[in-house]
Structures are given as structure tokens and as C-alpha cells.
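A.B. asks: Quick one: the structure is below, questions incoming.
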Amino acid sequence: MSTENDIYQEIRPYNDEEIAPAIQRLINDEEFISAILNQKFSNHAKWFQALMSPLVKLYLKNRWGKLNSIDAVQIEVEKYLQKALDSTTDEVTFEGLDKLDQDTPYLFISNHRDIAMDPALVNYGLHHTKHQTMRIAIGDNLLSKPCSTELMKINKSFIVKRSAKGPREMMKTLGLLSSYIKHSLETGNSIWIAQKEGRAKDGNDFTDPAILKMIQLEGRKRKLSFSEYVKTLKIVPVAISYEIDPCDIAKANELHQKATLGEYKKSEFEDIDSIVKGITGYKGRINVSFGDVIDGDIDNADALADEIDRQIHDHYKLFPINLLAAGVEDSSIDQETKDKLEAKLAQLEEGAKAFLTDGYANPVRNLSKDKSEQVA
């Protein structure tokens with residue numbers, strides 16, 4: 001490994017030589033095995049789970065023991081993803097991939113609704129159209145367990161250290177992250193990063209300019225203007241649209257609790273539960289739409305955020321449930337759609353219902369607002 005790569009060692013994904021040892025550590029990680037047993041055999045007694053532990057380890061050794069490269073891991077992940085999509089979706093469609101050059105690395109900035117599925121779907125589209133898969137930015141808040149770190153780093157994820165304390169440490173951390181993003185692009189690797197920290201639990205897809213300022217730090221170091229540096233990044237906004245959000249009820253409850261109590265306390269394994277629910281829950285139809293490369297003269301982070309938002313709102317696929325929630329009369333809204341929304345609302349206390357409705361309605365409202373501003 002080159003010295004240049006070494007400066008990124010704490011945050012970068014594993015390379016080919018590191019894959020096999022990382023998988024071995026995973027198979028020997030008791031917490032990881034326990035998590036699988038709890039998921040697979042949740043209705044069984046603890047003694048039965050303990051009995052199954054060596055068999056699970058043996059299965060993983062047989063299934064994963066020969067994986068010794070990033071490509072091999074990606075092929076294995078793709079099999080699991082395909083199974084999940086086959087069993088939890090009615091249709092998955094992609095738009096705009098034909099505009100992208102297969103040999104050009106891009107900085108994909110997408111809306112963020114689901115912890116694991118968002119980047120997985122973008123990668124799925126890239127892989128199936130012969131584009132190279134991308135490196136994925138993931139917050140260190142999701143890496144509380146060593147096995148979580150191993151899993152993410154074997155699958156091309158790099159770490160965004162949100163837990164850095166103090167201005168000096170924060171600037172050093174952000175500078176390294178910005179440098180790594182540019183280094184990846186310059187070495188032929190596309191990048192995925194969410195448009196803001198955390199999922200859009202209210203359905204409002206807006207870019208945080210602070211993320212764009214972080215990305216720009218390397219440009220300032222290279223003495224490039226904001227506009228010049230943005231053009232070198234080849235930013236492509238991506239709109240990911242789920243007809244049904246498997247985590248919608250949990251999100252509505254969280255927002256309601258924050259609004260009424262002023263805070264919301266996550267349970268210890270809540271992020272993991274959200275990941276599992278996002279993967280295994282019913283999603284209806286999914287559309288992933290790739291926008292245009294941003295290559296105009298944009299002079300600051302706020303203007304860049306506005307352009308990313310405009311493209312994401314414009315490319316967001318509005319399903320009948322979105323139109324129904326927004327109060328739009330449309331012939332596509334059938335009784336089945338009304339029943340689905342009613343069934344979800346029935347699971348919530350009165351005060352939380354509006355948060356779920358807003359989650360589906362806000363993409364409609366944001367597009368309408370953008371269009372009215374363009375006319376004005």
C-alpha cells in the first residue's frame with residue numbers, strides 16, 4: 001500500500017488484501033453471530049440459539065470463506081440485494097444512467113430516506129449498466145460495534161467522523177474527508193454521499209450546505225475558486241423514490257415525540273433495527289433517477305445546494321400515495337392506495353398521523369414550490 005493511501009487508513013474502505021482477514025474477524029465475532037441468531041431465530045429459546053451458533057459460523061465460513069477481493073464481496077452483496085428486492089418490491093426502475101460515461105468517476109449526491117437501501121440501489125443501477133460501483137460515505141454513529149465497522153469497510157464504505165470534538169479536531173477530520181473524496185475521484189472511484197446528515201424523516205429532501213462546504217475544503221487547499229472546484233467533482237444529483245417507506249410509522253412516531261416532548265431517545269439497537277426493516281420491509285415500487293452533471297458557474301454552497309435540490313425535486317417519482325397525502329385529485333389514486341394509507345394511519349396515535357401524511361406529501365409540495373418560484 002502506498003504512503004498516500006496510509007493517511008486515509010482510519011476512514012477508507014478495505015482493499016483486496018484486507019478483505020479475507022476482515023471476514024475471518026466477522027465470523028469469529030460473537031456479537032455478530034448473536035445478532036444473526038437473534039434475527040433468524042427470534043422466536044426460539046436462548047439455549048437453541050446457542051446450539052445453532054457453531055452451525056451459523058460454519059455456514060458463514062463456507063459461504064464467505066473464499067471471498068478475498070472487493071469485487072467478490074460486491075458480487076455476494078448483489079445476490080442478497082437481489083433477493084431483498086424480489087421479495088419486498090413490485091418494481092425497481094432507473095432513469096438517467098444512459099447520460100453517464102462508464103469511464104468517468106462521479107460524485108453522486110442523493111436524497112436520504114433509508115440507511116442501507118439508498119446507496120445499495122444507486123450501486124445496483126450502476127452495476128447493472130456496466131458502471132463501476134462507488135465508495136459510500138457512512139456516519140460513524142452507525143459503527144458502534146466492531147462488526148458494523150467490518151461489514152461496512154468490506155463493502156466499499158468510508159467513514160464520516162461525526163463524533164470529532166473541538167474546532168481543531170473537527171477541521172482536521174473534515175479536511176481529511178474532503179481530501180479522501182477528491183483522492184477517490186482522481187483515482188477513478190465514484191463517491192456516494194447523502195445530501196444531509198440523517199434521513200429525511202419528514203419527506204423534505206433538502207441539501208445541507210455544510211456538507212458542500214466540507215467537500216470544498218480540498219478545493220480551497222488547492223487554491224481553486226468554488227466554481228472551478230465544483231466543475232472538477234462532476235456532481236450528479238440522484239433522486240431515490242420509494243412508493244412505500246417501510247420505516248414510515250417509526251419516523252412519524254419519532255417526529256411526534258420530538259414535537260411533543262422536545263427530544264427523542266434512540267434505543268441501543270435502533271439504527272440496526274432501521275437497517276433491517278428498510279431491507280426486509282415492503283417498499284412497493286422504487287425509482288432511482290440520475291440527474292445532470294452540475295457544470296455551470298456556481299459560486300457558493302447555498303447556490304449549489306439549491307441546484308441539487310431543484311434536480312432531486314424534479315426527478316423525484318411521485319406515486320399515487322404521494323398525491324393522495326398532498327390532497328391532489330388524480331385518476332391514479334385508486335381504492336387500494338387509499339386503503340394502504342388508512343391502514344398506516346390506523347397504527348398511529350392521533351397526534352402522529354400528520355407527520356406520516358406529511359412524509360408522503362412533502363415531495364409533491366416541494367416540486368410545486370420549485371415550479372412556482374421558477375415562474376415568479
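A.B. asks: Do you know which of the residues in region 242-264 that are surrounded by fewer than 22 Cβ atoms within 10 Å (Cβ to Cβ) and of a type in the set (Gly, Ala, Ser) is modelled with the lowest pLDDT?
C.D. replies: 262
For every residue, the table says whether it meets (1) closer than 27 Å to residue 253 by Cα; (2) modelled with pLDDT of 95 or more; (3) of a type in the set (Phe, Trp, Tyr).
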position	(1), (2), (3)
310	no, yes, no
313	yes, yes, no
316	yes, yes, yes
323	yes, yes, no
338	yes, yes, no
343	yes, yes, no
348	yes, yes, no
362	yes, yes, no
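A.B. asks: Related question: Taking into account only those residues within region 279-305 that are among the aliphatic types (A, V, I, L, M), more than 30 Å from residue 80 (Cα to Cα) and not in a loop (DSSP other than H, G, I, E, B), which is nearest to the chain's Cα centre (by Cα)?
C.D. replies: 305
A.B. asks: How many residues, within region 311-333, are among the charged types (D, E, K, R), in a loop (DSSP other than H, G, I, E, B) and either closer than 10 Å to residue 363 by Cα or in contact with a helix residue (DSSP H, G or I) (Cβ under 6 Å, 6 or more places away or on another chain) (or both)?
C.D. replies: Residues in region 311-333 being among the charged types (D, E, K, R), in a loop (DSSP other than H, G, I, E, B) and either closer than 10 Å to residue 363 by Cα or in contact with a helix residue (DSSP H, G or I) (Cβ under 6 Å, 6 or more places away or on another chain) (or both): 2 in total.
A.B. asks: Here's a follow-up. Residues in region 158-206 that are under 24 Å from residue 104 (Cα atoms) and in a loop (DSSP other than H, G, I, E, B): how many?
C.D. replies: Here the count works out to 5.
A.B. asks: Under 7 Å between Cβ atoms, at least 6 apart or on separate chains: pull out the pairs that start in region 141-166 with a residue that is among the small types (Gly, Ala, Ser) and end on any residue that is assigned to a helix (DSSP H, G or I).
C.D. replies: 148/142; 163/140; 164/170; 164/173
A.B. asks: Specify the residue that is modelled with the lowest pLDDT; the eligible residues are those in region 1-51 that are surrounded by fewer than 17 Cβ atoms within 10 Å (Cβ to Cβ) and of a type in the set (Lys, Arg).
C.D. replies: 40
Quick grid of which residues meet (1) under 18 Å from residue 150 (Cα atoms); (2) part of a helix (DSSP H, G or I):
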residue: 18; (1), (2): yes, yes
residue: 25; (1), (2): yes, yes
residue: 44; (1), (2): no, no
residue: 57; (1), (2): yes, yes
residue: 62; (1), (2): no, yes
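A.B. asks: Under 7 Å between Cβ atoms, at least 6 apart or on separate chains: pull out the pairs that start in region 354-366 with a residue that is part of a helix (DSSP H, G or I) and end on any residue that is surrounded by 21 or more Cβ atoms within 10 Å (Cβ to Cβ) and aliphatic (A, V, I, L, M).
C.D. replies: Final answer for the pair search is 355/252; 356/252; 357/325; 359/252; 360/321; 360/325; 361/325.
A.B. asks: Shifting gears a bit: Return yes when residue 343 is touching a residue at least 12 places away in the same chain (Cβ under 8 Å) and in a helix (DSSP H, G or I) and no when it is not.
C.D. replies: So residue 343 does not fit the description; no.
The values are calculated or read from the model by the stated rules, or taken from the named source; none is laboratory data. Predicted model only: the values in this text are computed from it and were never measured. All Cβ positions, even for glycine, are placed from backbone atoms using ideal geometry, and neighbour counts span all protein chains on display.
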